[in-house]
Structure formats: structure tokens, C-alpha cells
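Each remark here refers to the structure printed beneath this line.
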Amino acid sequence: MNFTKNSISSHRKTLNYLFYSIKQDELAKFKHLLKAAKQVVVLSGAGISAESGVPTFRGPDGLWRKLDPSMLANPASFRDDPGLVWEFYHYRRELVLRAKPNAGHIAVAEYEKRHAHDKLVTVITQNVDGLHTQAGTKNLIELHGNIFKTRCTKCNEVLENTDSPICPALAGTGSPKCDKLTSDIREKDLPHCKKPDCGGLLRPHVVWFGETIDFRLFEKFDVVISQCNVALVIGTSSIVYPAAAFPTILSASGSIVAEFNIEKQSPTSRKFDFYFQGPSAVTLPQALND
Ligand code: BJW
Ligand code: ZN
């Protein structure tokens, strides 16, 4: 057999996955509780999209040109160098446009569909990649917005936009390997509002650090969280608020909380009811098939 570097790495990945079969006794207990649940909340973070090839924020591939996301995903950086921030988002838009939902996204979507008649399943995602929707999830709250929506900085109009590239000036830019920490793209060449009486600079319709989450969503959370019986917390480092507080709030309001993460649970980390270690594309299909 002729092994290339890629095929060896893919075989190794498959072998690794075989070791991630989750503990059957814990799984059986979880499934028993899930079966009885009337309202289920899925809180997802970047880890659920890792197996779709979308880098996480705080993992080994999380840096873009040596910058961590907090240095790009904030309004001050956009004011200082909108071209650089747009290059970062252009890179991610193009990457996500080629990505497909993985078995984890699909397991969540199929669970919601199968239980449309007997459970209310609500997916709250911190991800902006739209992969839950692509997988078929219907009842979805995108807490941090969506990378394929733009918002006008002048008139606030929000529009869907999947253009590739979003404007000619961004074509061929945004490589994470390049060392440049400033952009040569002039503001006038970035995407602008097409309304004749506006023409404002467009920005990605996402929530940056220091910006508030849409208040209307908070009213929704209150209801969803207070009525939840079982919550699945998937692939999040639980560093960024307000999402980082949700598992504790869910647990305090009586919900069973099960975490799904590729990392081993550290002895000092908070403990909820279940912790399933492994890639969520492997663990979720096992946990959600009934
Ligand atoms: C796998 C896996 C596999 C890998 N399978 N698992 C209270 C206390 C302290 C601070 C604050 C607070 N309230 C507000 C703040 C300030 C700030 C904040 O939280 N700062 C912290 C850093 C301390 N929060 C805000 O500013 C928020 N606004 C707000 O609350 O407004 C009101 C307010 C304002 C100001 C002051 C007080 C109140 C807004 C936060 C917006 C975050 N935006 C970003 C960018 C979005 C757009 C974009 O994508 O570009 O959202 S930052 C980035 O982090 C992104 C993510 O959604 C978010 C969370 O990351 P996530 O999903 O957890 O990813 P990672 O990479 O961290 O973790 C991946 C996990 O997956 C790891 O655990 C891996 O092990 C695991 N994994 N592969 C399963 N295959
Ligand atoms: Zn406008």
C-alpha cells in the first residue's frame, strides 16, 4: 500500500477516533435522562466545527498572523484598520464557504427533527459559521451573529451576503501565513452600503468584545434556560461571557448539564453532571442516537 503523508495522518485520525468511544455506563445514564426531557438546550462553541476544518479560537490554530481573536474581534481594531479586520473575516468567510457540517452538527439537527413532536430542542451557538443551519437545525439562536451577514455602520441595515470575495479588493488577501499586521486596502475599496442615500462602511454582523448581545435574545434565554431539562455544552472553552455563564445558570435552575469536549476534564474544572471526552463529531452521534 502506498501511504502518503496525508493518508497516514487520516488513518491515525481514524484510529484516534476509535479510542474515543465514550463510557457506556455514563452514556446509558445520560440517554435515560435525555429520553425523559421535554426541553433540551444545546450550547455550542468553536469545537463543534473543528472537524469541519474551521479552526477554534484558543486552540493551536487559533492565532491569525500571531494575533489572537480579541485583537481582531473588537470595534477599536475595526476603527483603526478596517482593512485588516476585513482581511481576517475574508479569510474565514472563504474557509467556511468550503466547509461542510460534520457528524456532530448533523446529529444535533437530526435529533431536533426526530423529536419535533415530543421535545423542544433549542440550539444556542456562539459560532458565526452557519454550519448548524446548513446541517438542518431550525430552532437556532446565533448568539454572536453570522459571518455571512453584513451590517452598515451608518444605517445599521443587516443583509445576508455570501459573495466570494465580498469585494474585489479583498481577493487574494487574508492569508494567515503572511506577517503583515496592517492592511494596504483603502477604506473606500472595502464593502459599502448600496443604499444611494447612505454608502456607509459595512462590517461583519458579529458580536465583538465589549459589544452587547442583542437584548431581545436575553428575553428568549430566560424562558429557554428556566424550562430546560437537559443541556448539552459542546466544544466551548467557556471563557467568553455571557455564554460562559449559561452552564452554571442552567445547572442552578435544575437542568442536567452534560459537557462534550475534546480535552480531558481537568481535576480543577467545574463539574456538572456528565463529561464526555472526545471529538464531538464522534461523541454526539453516540449520545443523540435513540
Ligand atoms: C473540541 C474539539 C472537538 C476543540 N470536539 N471539542 C463577565 C466577566 C468577565 C468578562 C466579561 C463579562 N461579561 C462580559 C465580559 C467581557 C467579554 C468577555 O467575556 N471577556 C472574556 C474574554 C473574559 N464579553 C463580551 O464583551 C461580550 N459582550 C457582552 O457581554 O456585552 C455586555 C458587556 C459588555 C462589556 C462589559 C460587560 C458586559 C461579547 C463577546 C463577543 C465574543 N466574540 C467572539 C468573536 C465573534 C465573531 C467572530 O467569530 O469573529 O466570539 S470572540 C470568540 O470567542 C468568538 C467565540 O464565539 C467565543 C467563544 O469561543 P469558544 O467557542 O469557546 O471557542 P474556543 O476556541 O475558546 O474553545 C474551543 C473549545 O472547543 C475548547 O474547549 C476545545 O477544547 C474544544 N474543542 N476541538 C469537541 N473536535
Ligand atoms: Zn447603510
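The values are calculated or read from the model by the stated rules, or taken from the named source; none is laboratory data. Just so we're clear, the structure is a prediction, and the values are computed from it rather than from any experiment. Methodologically, a virtual Cβ is constructed for each residue, glycine included, from the backbone with ideal geometry; neighbour enumeration extends over all protein chains shown. Note: accessible area is taken over every heavy atom of the protein model, side chains too, but ligands, DNA and RNA are not part of it. Shrake-Rupley method; radii C 1.70, N 1.55, O 1.52, S 1.80 Å.
The residues listed here are ASP179, ASP197, ASP184; of these, the one that is farther than 25 Å from ALA287 by Cα, free of Cβ contacts under 8 Å to residues at least 60 places away in the same chain, assigned by TED's automatic domain parsing to the domain that holds PRO69 and more than 16 Å from ligand 1 (Cβ to nearest atom) is ASP197. For region 199-232, name all the residues that are farther than 13 Å from VAL158 by Cβ, within 13 Å of ligand 2 (Cβ to nearest atom) and open to solvent by less than 30 Å² (accessible area, probe 1.4 Å). The one that is farther than 13 Å from VAL158 by Cβ, within 13 Å of ligand 2 (Cβ to nearest atom) and open to solvent by less than 30 Å² (accessible area, probe 1.4 Å): LEU201. Is it the case that ASN139 is farther than 25 Å from SER237 by Cα and at pLDDT 95 or above? Spelling it out, it is not the case that ASN139 is farther than 25 Å from SER237 by Cα and at pLDDT 95 or above. So how many residues does region 106-140 have that are of a type in the set (A, V, I, L, M, F, W, C) and within 20 Å of ALA36 (Cα to Cα)? Matching residues across region 106-140 total 7.
For region 7-38, a residue qualifies if it is in a helix (DSSP H, G or I) and at pLDDT below 60, and the qualifying residues are SER7, ILE8, SER9, SER10, HIS11, ARG12, LYS13, THR14, LEU15, ASN16, TYR17, LEU18. Across region 241-257, the qualifying residues are those that are more than 17 Å from the chain's Cα centre (by Cα) and either on the phi > 0 side of the Ramachandran plot or surrounded by fewer than 22 Cβ atoms within 10 Å (Cβ to Cβ) (or both), and the one among them that is farthest from ligand 1 (Cβ to nearest atom) is GLY254.
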